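*Asks:* Have a look at this one.
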Amino acid sequence: MKRLAWGFLVGIVASVMLFGCKGADGPQGPAGTALTGTLYGKVQAYDSFGNYLGYMSGVTVNAEGTSYSATTDSLGVFGIGGLPTGTYTLTFAKAGYGTNKITQVQFVGGGDYFMPNNAYIGGLPNFEAATATAAIGAGNLNVTGTVTGGSPPYNRRVIMYIAKTSTINPSVPSTFVRYYGYYIASSANNYSFSISVSSLMSNYGFATGNTIYVAVYSAGYYDWSYWDYPTGKDVETAYGTVAKPSSVVIP
């Protein structure tokens, strides 16, 4: 009887040692095969005055930061093949148009994926900002100026960037605090912005004695912009090549 009890005890101890104790982890096996597939979509275009041009061929579509790209065909269709699973920013570029982006595109891979919404590009303006003057009066930042060129009877549009330094680049959102748009009637060649100084101080951290820097650009009729997640700002894509800068000190 004692011999049977002893054997039963030994069995329990062995079981605890075998199943109750965790051994050291072994080497990790190789990662599984990455999924790839083809990302399809369509690109539509507008000219600088907002006229619809249809689906656009010859647009280069690139997964930003990678070598994966494609070009739209005669129907405006693109297909980026061999694209691995991931989240991408797609850029859309063609000469004479502003380079637009679609951010946070999640691609699963393992097959074909068709983007549910079309991409858009807008034509670059064929006029330029000629003058810009900034002043403060009646509690407002007032910026006035003129444009030259263009093709009336279409309305034209300018955009004004506001910043805390003189280095303003419309394609780099960290260089400005925000921008405003203004439509110029086809019969006119002048523009006028009026922005509350108190709103600039409360919303963007300007203070008495600070310099407000502005830069005015000609722009496409539509606000073709994309959202830049790191800075939380809209980024305009179709603007002119000539910037008219000005500045004023908050009294």
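*Asks:* When the chain is treated as a GNM, springs tying every alpha-carbon pair under 10 Å, which of 145, 98, 205 comes out with the largest mean-square fluctuation?
*Replies:* 205
*Asks:* Based on the alpha-carbon gyration tensor of segment 40-146 and its eigenvalue square roots a ≥ b ≥ c, which shape applies: rounded if a/c is under 1.5, prolate if not and a/b is larger than b/c, or oblate?
*Replies:* It is prolate, given that a/c is not under 1.5 and a/b is the larger ratio.
*Asks:* Related question: What ³J(HN,Hα) values, in whole Hz, does the Karplus curve 6.51 cos²θ - 1.76 cosθ + 1.60 give for segment 160-175 when θ = phi - 60°, with x put for Gly and Pro?
*Replies:* So the Karplus estimates, Gly and Pro as x, are 10, 9, 10, 8, 9, 10, 7, 8, 10, 10, x, 8, 10, x, 5, 8 Hz.
*Asks:* Something else about it: Only Cα pairs within less than 10 Å get springs; with that Gaussian network setup on the chain, which residue of 116, 84, 173 has the largest fluctuation?
*Replies:* 116
*Asks:* Residue 138 to residue 250: extension gain in nm, 0.36 nm per residue of separation minus the Cα-Cα distance?
*Replies:* Length gained, residue 138 through residue 250: 39.1 nm.
*Asks:* While we're looking at this one, here's another question. So if I take the centroid of the Cα atoms in segment 59-129 and the same for segment 159-234, what is the distance between those two points in Å?
*Replies:* Using only Cα atoms, the two centres lie 26 Å from each other.
*Asks:* Still on this model: Please work out the FRET efficiency for the pair residue 204 and residue 35, using the Cβ-Cβ distance as r and a Förster radius of 45 Å; give the result to the nearest 0.05.
*Replies:* 0.55
*Asks:* Once you have a ≥ b ≥ c as the square roots of the Cα gyration tensor eigenvalues for segment 127-249, tell me rounded if a/c is under 1.5, and otherwise prolate or oblate according to whether a/b is larger than b/c.
*Replies:* Because a/c hits 1.5 or more and a/b fails to exceed b/c, segment 127-249 counts as oblate.
*Asks:* For residue 174, what charge total do you get from the other residues with a beta carbon under 14 Å from its beta carbon, if Lys and Arg give +1 and Asp and Glu give -1?
*Replies:* Summing Lys and Arg as +1 and Asp and Glu as -1 gives +1.
*Asks:* Once a ≥ b ≥ c are taken as the square roots of the eigenvalues of the Cα gyration tensor of segment 91-137, is the result rounded (a/c under 1.5), prolate (a/b larger than b/c) or oblate (a/b not larger than b/c)?
*Replies:* prolate
*Asks:* Just grab the label-to-label distance for residue 117 and residue 57, each label 7 Å out from Cα along the Cβ direction, in nm (one decimal).
*Replies:* Here the modelled spin labels are 2.8 nm apart.
*Asks:* Taking the Cα of residue 66, stepping 7 Å toward and past its beta carbon, and measuring to each backbone N in segment 98-128: which are under 15 Å?
*Replies:* Answer for this model: 102-115.
*Asks:* While we're looking at this one, here's another question. Once every DSSP H run of n ≥ 4 in the chain is given -39500 (n - 2.57) and the sum is divided by its residues, what mean residue ellipticity at 222 nm do you get, rounded to the nearest 500 deg cm²/dmol?
*Replies:* Calculated at 222 nm, the ellipticity per residue is -2500 deg cm²/dmol.
*Asks:* Once you put a point 7 Å from the Cα of residue 87 and another 7 Å from the Cα of residue 231, both along the Cβ direction, what distance in nm separates them?
*Replies:* Going from the residue 87 label point to the residue 231 one covers 2.0 nm.
*Asks:* Starting from the Cα of residue 166, move 7 Å in the Cα-to-Cβ direction to define the label point; list residues of segment 181-214 whose amide nitrogen is under 13 Å from there.
*Replies:* Within reach of a label on residue 166: 211-214.
*Asks:* Still on this structure: On a 0 to 90 degree scale, rounded to 10, what angle separates helix 2-15 from the longest Cα axis of the chain?
*Replies:* Computed tilt is about 20 degrees.
*Asks:* At 0.36 nm per residue, minus the direct Cα-Cα distance, what do residue 242 and residue 211 gain on full extension? Give it in nm, one decimal, please.
*Replies:* 9.0 nm
*Asks:* Which whole-Hz couplings ³J(HN,Hα) result when phi for each residue of segment 221-233 is put into the Karplus expression 6.51 cos²θ - 1.76 cosθ + 1.60, θ = phi - 60°, listed in order with x for Gly and Pro?
*Replies:* Here the 3J(HN,Hα) series is 4, 8, 7, 7, 9, 10, 8, 8, 5, x, 9, x, 10 Hz.
*Asks:* Any idea what Rg and Dmax come out to for segment 196-251 if you just take the C-alpha atoms, in Å?
*Replies:* Cα radius of gyration and Dmax of segment 196-251 are 14.0, 35 Å respectively.
Throughout, read-outs are computed from the coordinates displayed, never taken from laboratory work. The shown structure was predicted, so the numbers you read here are calculated from the model rather than taken from an experiment. For neighbour counting, all protein chains shown are included, and Cβ atoms are generated from backbone atoms with ideal geometry for every residue, glycine included.
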